[in-house]
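What follows is a set of notes on a single structure, which appears directly below.
The values are calculated or read from the model by the stated rules, or taken from the named source; none is laboratory data. Predicted, not measured: the structure shown is a model, and the values here were computed from it. Using ideal geometry, Cβ is built from the backbone for each residue, glycine included, and neighbour counts are taken over all protein chains shown. We work out accessible area using only protein heavy atoms, side chains counted, and drop any ligands, DNA or RNA first. Shrake-Rupley method; radii C 1.70, N 1.55, O 1.52, S 1.80 Å.
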Amino acid sequence: MKNVCITIILYFFFNLNASAQKTIKAKDAYKHIGEKVFVVGEIKGQAGPGYLNSISFYVITDSIKVGLGITVPYKIWRKYKLGQKTLNSDLKGQTIKVYGLLKLYGEPQIEIKKASDLQVIIH
């Protein structure tokens, strides 16, 4: 019985390490649809808030026009602070790192679920 318990514990320990989250570039998002990943890229375009209840960013890497959309709901972006800037400031050209489930809606998309899933690196 003792050996069975140790085997089960070791199995879960090694599976947790195997499922560690990976970081990908925005241009590779198509290859990871349905996975929860970290995505890094440059903000190429921004829409909202305006009449929307969210802000959307279009993120690319390596000057490639293929990227992904990032949606940040109102309840998150209104509280998110970047020093003296906020998410509704013009952030084009800034680097962003996001975490979430990649979905395909014509192009890859991630909807931010909590503020800690979003990091903007101000240059």
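Given a Förster distance of 25 angstrom, what is the FRET efficiency for Lys79 paired with Val40, based on the Cβ-Cβ distance and rounded to 0.05? Intermediate values should be presented prior to the final figure.
Values: r = 23 Å, r/R0 = 0.91.
The computed FRET efficiency comes out at 0.65.
Report Ser56's accessible area, 1.4 Å probe, all protein chains in place, as a number in Å² to the nearest 10.
Spelled out: Ser56, probe radius 1.4 Å, area about 40 Å².
For the cross-link pairs Lys25/Lys103; Lys25/Lys65; Lys27/Lys97, which exceed 18 Å when the distance is taken from alpha carbon to alpha carbon? If you can, show how the numbers build up before the last one.
Values: Lys25/Lys103 15 Å; Lys25/Lys65 12 Å; Lys27/Lys97 13 Å.
Result: no pair exceeds 18 Å.
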